[in-house]
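Please read the structure below before turning to the comments.
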Amino acid sequence: MDKSIVLAGAVGLIGVIYWFFLGKKDEDGQVMTDVKITVSGGYSPALVKVPAGKEVTITLTRTDPTDCLEEFVIPDLKIKRSLELNKDEVLKIKLAKPGRYEFHCGMSMYKGAIVAI
Amino acid sequence: MTKTFPITGMHCASCAVNIQRVLKKMPGVTAATVNFATEKAQVEYDPEQVDGGKMNEAIKPLGYEIASEKKVDEVAKWKWKFIIAGIISTVSIWGSFTGMSWILLLVLATIVQFGVGWDFYKTTWASLKNRMANMDTLIAIGTSVAYGYSAAVTLFGVKGEPYFDTSVTIIALIVLGKWLEARARGKTSEAIKKLMGLQPKTAKVIRDGKEVEIEIEKIIVGDKIRVRPGEKVPVDGVVESGETSIDESMVTGESIPVYKHEGDTVIGGTLNTTGTIIFTAKKVGSETMLAQIIKLVEEAQASRAPIQKLVDVISGYFVPVVLMLTVATFAGWYIFGSVIGGMLAAIAVLIIACPCALGLATPTALVVGTGLAAQHGILVKDAQALEIAHKINHVVFDKTGTLTEGKPVVTDIKGGDEVLKLAASLEAGSEHPLAKAILEAAEKAALQLARVEKFEGLAGKGVKGIIGGKGYTLGKPITETEEIKKLESEGKTVVVLSQVSGSRFQVLGVVAIADTIRETAKEAVAQLQKQKIEVSLITGDNPRTAAAIAGQLGIKRYFAQVLPADKEKAVRQLQDEGETVAMVGDGVNDAPALSAANVGIAMATGTDVAMEAAGITLVNKDLRSIPLALKLSRATLWKIKTNLFWAFAYNVVLIPVAALGLLSPILASVAMATSSLSVVTNSLLLKRIKLS
């Protein structure tokens, strides 16, 4: 009986873990030219929408001391910045083509994306 | 008090002496010792009179800086955490064997769990809020289970033995790994930090006839700047007066100081050694060669290597999958084994899983590889170029300006001064290197050029025009005489001057031009061939001249009589034959061929290093940098592959071992602590590669 309960509990917990971490859906945000991203346990918001062909300002503020989040990389734009704790890092970028530009931390653990529309 | 400050920007022992002298002069400083090798300054000072900030301000104008306190704190933070956790862990292990009071063990474990390990909880909580997880999450859960169970046994009499030594030792070892990793990671980006530290902070500018020292940001194009021996050239420019030798090794990788006199280009960040010069600033701020190099290296380090794609996919699923495996491990053990066995195996799974090793595998090798290349005057545009470069098995060299100096001179004139005069008149408006040679020869002979009407350039074939009512052409020979054959077999380029009347061509004379082969060309070709890379030559010259030049350099295959627009076709032809081709050119005339090649390698011209069409740019014009660049790309790729193999194999092999209960949580933490460190250390070993 005990074993059945533990087995059922384990299957349920695995399901919860899957749903919690992997079942996330992209947030539906507004298209903005001035974006603020808080860097703490990931990127908030992790998905930002910007207009293509216009200069946009992205301000990153890291409040989480974990080493992983110190580096911020947008590989397709060849941008890498070191984010100092509790200090704003301002990026001015212009995405000529509409598309999805992924960004991540130095070790590619935390991810997000800029979508140019 | 005495404190050690890390210093950046030092590139020689005399820098250390300079910093020491400045620091010692500061009020409040009683003693200062600067060590170049360790890049540290040990300063004895009165903290009421002076502090690190003031010292930084004092040495900044010399081009040095006290390294960011934040970075130092990062390493120091982990060091102190390890010292505390290490001592408590030793006491806990000893206490567990000698029957120390469980309450005392609980107190010690609590200090480590919520003091030393607090950051793991903070990060976990912040991540969970974003529905994300990382390695800290695994450590927080793993150690909390061991600690929580042990606390329950101690405080509430739950059946069993406490495992305080496990939770404490895991944290101590993880923190040790973090400390060593933070130290090693700082070293991976040393190359670019050195480049950044090269530019001096001030310059001595001559304004209104007086020499004034101004901040480098205030220099404007056209400023006259004086540089004395031992001082650094602040920005790019052209020497106005004086002569000297300049050590350009830090920017171009060129090891021998370069002699400079009036009219020569000087590069910002390089070191003036012997004489005093005055030069005119031509490029300032982000336009300087050094600024361009730093930008290119930074961009390359931010780019994504194609090999990284798989890692990116895996890393997104890694931690959630490990959490699921942990639950499955516990359930499996509960059903088929014991609760305690299940708990220990589950903790071991959580602790041993190391996503960081995977995450660090590519970026650390890339940062070390591109940094090392930049130090040798090799600028790699992005990770993709580096990754393809390691597969290159055929290098095509453009002849003029690449294998040769690009400064041809007239060696033979058949037909006397009249032929030279007419040839020079026809070429007067042309920018072609061969035209320049003819014009120089005419100038040397003090010939008066004639006026040309209806001038027309025939791409890759020559020029035509009317002088004094008569039509002339100057270009490649249409018919071959014994004389022309002889000149061409000596590797000379021959142009024929003909008078045109209707459809009749009457040959008036012949001009032969030769270009000096670069000193480093032969050695570069030999080194490439030694690396089993095929080398070919591409030129607009006829087959005889091409064969002669190729023969002199030991090149077996050549493409002759190729028009500039057709160089690209030759590259594609080789690719169709199955070759992975690197095209070496000057980056200006042969941009299409450079783009068509798998990797385009351009020789930088002047102080312009941003070559759009090139995957690799050579700052130093030393052709031996090509075999070097290919060797370095192979070495970097090898490091990335071994890192990835190690990181994958580590997780794939050890997670099941831990799940089966064959690994204690403490051993798991030892493995975990060494895995990331070994990846970073492996990347750092790239610095030991013999490049010369």
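Residue count for the stretch A:1-32, restricted to those that are small (G, A, S), within 9 Å of chain B (Cβ to nearest Cβ) and in a loop (DSSP other than H, G, I, E, B): 1.
Would you check which residues across the stretch A:81-97 are part of a loop (DSSP other than H, G, I, E, B) and buried (at least 16 other Cβ atoms within 10 Å of the Cβ) and list them?
Taking the stretch A:81-97 as the starting set, the residues that turn out to be part of a loop (DSSP other than H, G, I, E, B) are A:83-84, A:86-87, A:95-97.
Within the stretch A:81-97, A:L83, A:L95 meet the criteria.
Quick one: which residue in B:K159, B:K194, B:K178 is away from chain A (no Cβ under 14 Å), at pLDDT below 90 and more than 30 Å from B:E240 (Cα to Cα)? Result: B:K159 is the single residue among B:K159, B:K194, B:K178 that is away from chain A (no Cβ under 14 Å), at pLDDT below 90 and more than 30 Å from B:E240 (Cα to Cα). Listed by position, the helices (runs of 4 or more DSSP H) inside the stretch B:575-692 whose residues that are under 17 Å from the mean Cα position of the chain (by Cα) and in contact (Cβ under 8 Å) with a residue 12 or more places away in the chain number at least 1 are B:625-659, B:665-684. Of B:A300, B:A331, B:A357, all but one fail to be touching a Phe, Trp or Tyr at 6+ places or on another chain (Cβ under 7 Å) and within 13 Å of chain A (Cβ to nearest Cβ); the exception is B:A357.
Could you pull out the residue among B:V495, B:V500 that is in contact with a Ser or Thr (Cβ under 9 Å, 6 or more places away or on another chain) and assigned to a strand (DSSP E or B)?
Values: B:V495 fails: in contact with a Ser or Thr (Cβ under 9 Å, 6 or more places away or on another chain).
When all the criteria are applied, what remains is B:V500.
Against the numbered list (1) crowded, with 16+ Cβ neighbours inside 10 Å; (2) in a helix (DSSP H, G or I), B:Q199 comes up short only at (2). Taken as a whole, the condition of being part of a helix (DSSP H, G or I), in contact with a Ser or Thr (Cβ under 7 Å, 6 or more places away or on another chain) and of a type in the set (G, A, S) applies to B:A109.
For (1) surrounded by 19 or more Cβ atoms within 10 Å (Cβ to Cβ); (2) β-branched (V, I, T); (3) not in a helix (DSSP H, G or I), each residue gets a yes or a no:
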residue: B:I87; (1), (2), (3): no, yes, no
residue: B:Q113; (1), (2), (3): yes, no, no
residue: B:T137; (1), (2), (3): yes, yes, no
residue: B:T143; (1), (2), (3): yes, yes, no
residue: B:A152; (1), (2), (3): no, no, no
residue: B:P162; (1), (2), (3): yes, no, yes
residue: B:L173; (1), (2), (3): yes, no, no
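Would you be able to say whether some residue in the stretch B:528-535 is part of a strand (DSSP E or B), modelled with pLDDT of 90 or more, more than 17 Å from B:E490 (Cα to Cα) and under 30 Å from the mean Cα position of the chain (by Cα)? Yes: the stretch B:528-535 contains one or more residues that are part of a strand (DSSP E or B), modelled with pLDDT of 90 or more, more than 17 Å from B:E490 (Cα to Cα) and under 30 Å from the mean Cα position of the chain (by Cα).
Checked against (1) in a helix (DSSP H, G or I); (2) under 23 Å from B:T473 (Cα atoms), B:V510 passes all but a single condition, namely (1).
Residues satisfying the criterion are present in the stretch B:561-573 (criterion: within 26 Å of B:V409 (Cβ to Cβ), within 47 Å of the chain's Cα centre (by Cα) and crowded, with 16+ Cβ neighbours inside 10 Å). When B:S669 is tested against (1) under 30 Å from B:I141 (Cβ atoms); (2) surrounded by fewer than 24 Cβ atoms within 10 Å (Cβ to Cβ); (3) hydroxyl-bearing (S, T, Y), just one condition goes unmet, and that condition is (2). Of note, A:T61 does not satisfy the criterion of being of a type in the set (S, T, Y), at negative phi and exposed (fewer than 14 other Cβ atoms within 10 Å of the Cβ). With the requirement that a residue be more than 11 Å from chain B (Cβ to nearest Cβ) and under 16 Å from the mean Cα position of the chain (by Cα), what does the stretch A:33-82 give you? The answer is A:V35, A:K36, A:I37, A:L47, A:V48, A:K49, A:V50, A:I58, A:T59, A:L60, A:T61. The number of residues in the stretch B:457-471 being loosely packed, with under 12 Cβ neighbours inside 10 Å and closer than 17 Å to B:V495 by Cα comes to 1.
Looking at the stretch B:133-156, which of the residues that are free of Cβ contacts under 8 Å to residues at least 24 places away in the same chain and within 14 Å of chain A (Cβ to nearest Cβ) is farthest from B:K79 (Cα to Cα)?
Step by step, filter the stretch B:133-156, then rank; the result is B:A140.
Scanning the stretch B:55-85 for residues that are modelled with pLDDT under 70, in a helix (DSSP H, G or I) and away from every other protein chain (no Cβ under 12 Å), we see that the one that is surrounded by the fewest Cβ atoms within 10 Å (Cβ to Cβ) is B:P61.
The values are calculated or read from the model by the stated rules, or taken from the named source; none is laboratory data. Every value quoted in this text rests on a predicted model; they were computed, and no experiment measured them. Virtual Cβ from ideal backbone geometry, glycine too; neighbours counted across all protein chains shown.
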